[in-house]
Amino acid sequence: MAQLTYRAAVAATLAHEMRRDENVVLIGEDIGAGGVFKTTKGLLEEFGPTRVWDTPISEQAIVGAAMGASMAGLRPVAEIMFSDFYATCWDQVANEIAKVHYMTGGQLSCPLVVRGANGGGLGFGAQHSQAVENWAMCVPGIKIASPSSAAEAVGLLAAAIRDDDPVLVFEHKALYGSREECPDGEHVVALGQAAVLRPGSDVTLVGLAATVGLCRQAAEQLTGDSVDAEVIDLRTLVPLDAAGVLASVRRTGRVVLVEENPGQLGWGAGVAAILAEEAFLDLRTPVARVSGRNIPIPVAKGLEAAVNPSVERVVAAARSACDTAGPAAEMIRN
Amino acid sequence: MPGPGMLSEERAALQRYEQMVFIRLFEDKVDALYRQGQVRGPAHLGQGQEAIAVGVGSVLQPGDYSIGTYRGHAHALARGTPAGAVLRELLGRSGGICGGKGGSMHITSLEHGYMGSYAIVGAHLPIACGLAWASKIKGTDQVTACFFGDGTTNIGAFHEAINLAAIWGLPVVFVCENNSYMEYTPISQVTSVPQPAADRAPAYGLPSVTVDGNDVDAVREVVGHAMETARGGGGPTLVEATTYRHGGHSAADPADYRSETEVASWKERDPLLRARAALAADGVSEEDLEVVTARASAETQQIATAALEAPALDVESALVGMWSDGSAQWRN
C-alpha cells in the first residue's frame, strides 16, 4: 500500500496500464510536461514521445484522433484538460464515438478513454468549473466513470482503459490533492458496481466523485441526530448500478441523491425516476435531491460554495426526509 | 472479358472503367429506387464524381484505410465492398452491410479497409488522422485516404485535422472532392480563396496539389504519388480534385439553383466519357467497352432484384449491439 494523491494515482495508473499494454497511448494538451493538473507527470520521461503525444489546442483533433486510433486497434487515453471543453469536441464524443459501433453493425469499435478534470470548488469560474457528467449521460453509447478517491481513481481508470467500449472518466479537480492509501499492483474496479461505503438503516445518501465525501461527512453529522445513514458511491453513471441503489432504498425507505451537476436535468433526475418507477411503494418519504444550483458557477469563494452542493444541504435534506416520515421518524428522534 | 491480346495495364484500365460504369449504374439504380420510395432516409449520390473514388481506390493497397462522407457509396464500392450488401443496407433489408443501422450515410466495410462514412461534415478528418496515427505508432506502411467535400473546408475540424497531420507527419492523403457546391450554395460564395482546400493547406505547412477529378488517370497519378510519399514516411498531402455532381445534394434535391448550361458543360466532361475515350485511343475495341458496360448493367439489375426480394430485418436487432459485447444495457 502506498499513500498517493488522487492526481498521483491517475499518473500511476496510466503508467501501470502503459507498462501492461503497449497499445495504450496518451494524447492531449501539455501532457508531456506533466499536464496542467500533473496527472501525467513522468510519463513522457518513462515512455517517450511514441507513447505520449502532445497536441495543439485542438480538442476535435484530440478526441477524433483517439477515436480513429482505437478503431485501428490501439487503446488511446485522451485528456481533455477541463471537462467544460467537451463542448468544443462534443460532435466527436456524442455523434461519432458513441454511435460508430452501433451504426456500423458492430464492425468498428472504440476501446478508448477520454479523461479530464471535472467539477468546481477551486474558483475557476463559469467556464472551468462545471460538473458535466450529465451531458454524457444523455447520450447512449458511452460509459461514464467518476472516481471519488485516489484508490477509486486507480481502480476505475484501469477498468476504463481495459474496457472494449468508450469510457469518459470525469476526475474531480477538487480531489486531485486528496491523499489516501492505494493498493499496489493490480487494482481494477468493475464498471457498473456501486460501493456501499457506510451501511445504514434510516436513509440512503447517494453520491458521485466529490459528493461522496459530502455524503460521508453528512452521515457522520447525522449520527448526532440518531439518524443512521447509508452512503453509496455510484462510481459509474453508465453502466448504472440501479439495482444497488434500489436495494438500499428498499431497506431504508428514504434517499437523498447528491449530485454536483445542475439539478434541472442532472443524473439524480434519472436515478429519481428509476426509484419512482420501481421502488415507489418502498419509499417512506419523497426522493430528495441536493444538486448544483441551476445557474452558472461564480468565482468568489462564498458565491461558488452557495451554488455547489454542501454537507449542510445534504444534512438538511436527510433530516427533512427523516422528520417527515411520520411514526418512523418519531422512533428515530426518540 | 477483355481480349486475350490485351496488355495487363490496359486490362487494369478497362477494369477501372468497368468499376466507374458500375458505380454510375449503381447510383442510377439507387436514384430510381429512391423515387419508388424503396430507399430509407436520404441518399446522397455521386454520379459525375466516380473518377476520384476509383482513381484513389486503385492506388490503395490491401490493408490501407479509406474513410469518407455521407456521399460514400462510391468510396465503399471502390474498395471492393459487395454492392449487394450496400444496396440491402440502403433498402433496410436483411444482409445489409451495417445490419440496417447505418443506411446510406454510414456505409462501412472494415473487411475492405473502408473505415466508415460519416455524416457530420468534417468529423471524419480527425478520425482519419487517428487511423494514420495508429499506423505511425505501430510502424506499419499503411496509408489512409480521407475523402471530403469542398464544404468541409469551412468547418473547424478540417483545420484542426490538417494541422495535426502536418505537425505529426501522418501517413494520410486528404482528398477534397470539389464539386463547386457546399450543398445548395456555390462554395465560391462562402470561401474567399479560389481553391477552398488546396489554398488553405499551405498555411499549415501541408503540401497540396490540384488535379482534374474527372480524369481517372490523373487522379491515380497524383494520389498515387502522394500515397507513396506518405508510405515512405514523407507525411501527408492534400489533393483537391475538381469535379461536378450531376445531380442534387441529395436525391431529394432537384438542384434548380444551377443553370442547364452549367450542368450540360460538365456532362460533356463526364469522367466516364473521358475514360472511355482514353481507352479507345489506346486501342481497346468498342466491343470490349460494350461488354463491360453490359456486364455492369446486368450486375446492377441482379443485385437490385435480389435486394428487393431479401427478407425484412428482425426488429429485435434494433435493441442490441451498442456495446462491443453485443449488448445494449445501460443499467442493471
So A:Ile31 fits all but one of (1) part of a loop (DSSP other than H, G, I, E, B); (2) within 22 Å of A:Gly120 (Cβ to Cβ); what number is the exception? (2)
Could you pull out the residue among A:Ala78, A:Ala72 that is of a type outside the set (D, E, K, R), farther than 15 Å from B:Tyr118 by Cβ and free of Cβ contacts under 8 Å to residues at least 24 places away in the same chain? A:Ala72
Collect the residues in region B:212-236 that are surrounded by fewer than 23 Cβ atoms within 10 Å (Cβ to Cβ) and of a type in the set (Val, Ile, Thr), keeping them in residue-number order. B:Thr229
Only one of A:Asp84, A:Asp54, A:Asp91 that is among the acidic types (Asp, Glu), within 8 Å of chain B (Cβ to nearest Cβ) and surrounded by fewer than 24 Cβ atoms within 10 Å (Cβ to Cβ): A:Asp91
What residue, of A:Ala126, A:Ala145, A:Ala131, is within 14 Å of chain B (Cβ to nearest Cβ), in contact (Cβ under 8 Å) with a residue 40 or more places away in the chain and within 20 Å of A:Pro309 (Cβ to Cβ)? A:Ala145
The correct count of residues that are more than 9 Å from chain A (Cβ to nearest Cβ), surrounded by fewer than 24 Cβ atoms within 10 Å (Cβ to Cβ) and over 22 Å from B:Ser250 (Cβ atoms) in region B:147-179 is 2
List the helices (runs of 4 or more DSSP H) that sit entirely inside region B:216-311 and contain at least 3 residues that are under 30 Å from B:Ala165 (Cα atoms) and touching a residue at least 24 places away in the same chain (Cβ under 8 Å). B:216-231
Hits in region A:254-265 - residues which are surrounded by 24 or more Cβ atoms within 10 Å (Cβ to Cβ) and closer than 22 Å to A:Lys173 by Cα: A:Leu257, A:Val258, A:Glu259, A:Glu260, A:Asn261
Among residues belonging to region B:118-146 that are in a strand (DSSP E or B) and not aromatic (Phe, Trp, Tyr), point out the one that is nearest to the other protein chains (Cβ to nearest Cβ). B:Thr144
With respect to B:Ala304, determine if the residue is at pLDDT 95 or above, among the hydrophobic types (A, V, I, L, M, F, W, C) and under 22 Å from the mean Cα position of the chain (by Cα). yes
Exactly one of B:Ser208, B:Ser192 is more than 22 Å from the chain's Cα centre (by Cα) and among the small types (Gly, Ala, Ser), and that residue is B:Ser192
So B:Ile67 clears everything in (1) over 30 Å from B:Ser192 (Cβ atoms); (2) within 9 Å of chain A (Cβ to nearest Cβ) except one condition, right? Which one? (1)
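For (1) more than 12 Å from the chain's Cα centre (by Cα); (2) within 19 Å of A:Ala98 (Cα to Cα); (3) free of Cβ contacts under 8 Å to residues at least 24 places away in the same chain; (4) within 13 Å of another protein chain (Cβ to nearest Cβ), each residue gets a yes or a no:
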position: B:Pro62; (1), (2), (3), (4): yes, no, no, no
position: B:Gly72; (1), (2), (3), (4): no, no, no, yes
position: B:Met105; (1), (2), (3), (4): no, yes, no, yes
position: B:Gly116; (1), (2), (3), (4): no, yes, no, yes
State yes or no: is B:Lys101 surrounded by fewer than 23 Cβ atoms within 10 Å (Cβ to Cβ) and part of a loop (DSSP other than H, G, I, E, B)? yes
Where A:Ala272 falls short, out of the listed (1) within 25 Å of A:Ala160 (Cβ to Cβ); (2) within 14 Å of chain B (Cβ to nearest Cβ): (1)
Among the residues of region B:183-204, are any among the aromatic types (Phe, Trp, Tyr), part of a helix (DSSP H, G or I) and over 24 Å from A:Leu74 (Cβ atoms)? yes
Number of the condition not met by A:Lys99 [criteria: (1) more than 9 Å from chain B (Cβ to nearest Cβ); (2) surrounded by fewer than 24 Cβ atoms within 10 Å (Cβ to Cβ)]: (1)
Exactly one of A:Gly48, A:Gly32 is small (Gly, Ala, Ser) and on the phi > 0 side of the Ramachandran plot, and that residue is A:Gly48
Which residue out of A:Gly105, A:Gly64, A:Gly34, A:Gly42 is in contact with a Gly (Cβ under 8 Å, 6 or more places away or on another chain), more than 22 Å from B:Ile162 (Cβ to Cβ) and within 14 Å of chain B (Cβ to nearest Cβ)? A:Gly105
Suppose we filter region B:316-332 for residues that are more than 7 Å from chain A (Cβ to nearest Cβ) and outside any loop (DSSP other than H, G, I, E, B); how many remain? 4
Among the residues of region A:12-23, is any surrounded by fewer than 24 Cβ atoms within 10 Å (Cβ to Cβ), modelled with pLDDT of 95 or more, within 14 Å of another protein chain (Cβ to nearest Cβ) and touching an Asp or Glu at 6+ places or on another chain (Cβ under 9 Å)? yes
Condition met for A:Arg179 (surrounded by fewer than 19 Cβ atoms within 10 Å (Cβ to Cβ) and closer than 21 Å to A:Ile80 by Cβ): no
Of (1) in contact with a helix residue (DSSP H, G or I) (Cβ under 9 Å, 6 or more places away or on another chain); (2) more than 7 Å from every other protein chain (Cβ to nearest Cβ), B:Gly92 satisfies all except one. Which? (1)
Quick one: count up the residues across region A:26-77 that are closer than 30 Å to B:Leu110 by Cα, in contact with a Phe, Trp or Tyr (Cβ under 7 Å, 6 or more places away or on another chain) and not small (Gly, Ala, Ser). 3
A:Ala306, sole failed condition from (1) farther than 24 Å from B:Ala328 by Cβ; (2) crowded, with 21+ Cβ neighbours inside 10 Å: (2)
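The values are calculated or read from the model by the stated rules, or taken from the named source; none is laboratory data. Everything numeric here is computed off the predicted structure, so don't read it as measured data. Note that we place each Cβ from the backbone using ideal geometry, even for glycine, and neighbour counts take in every protein chain shown.
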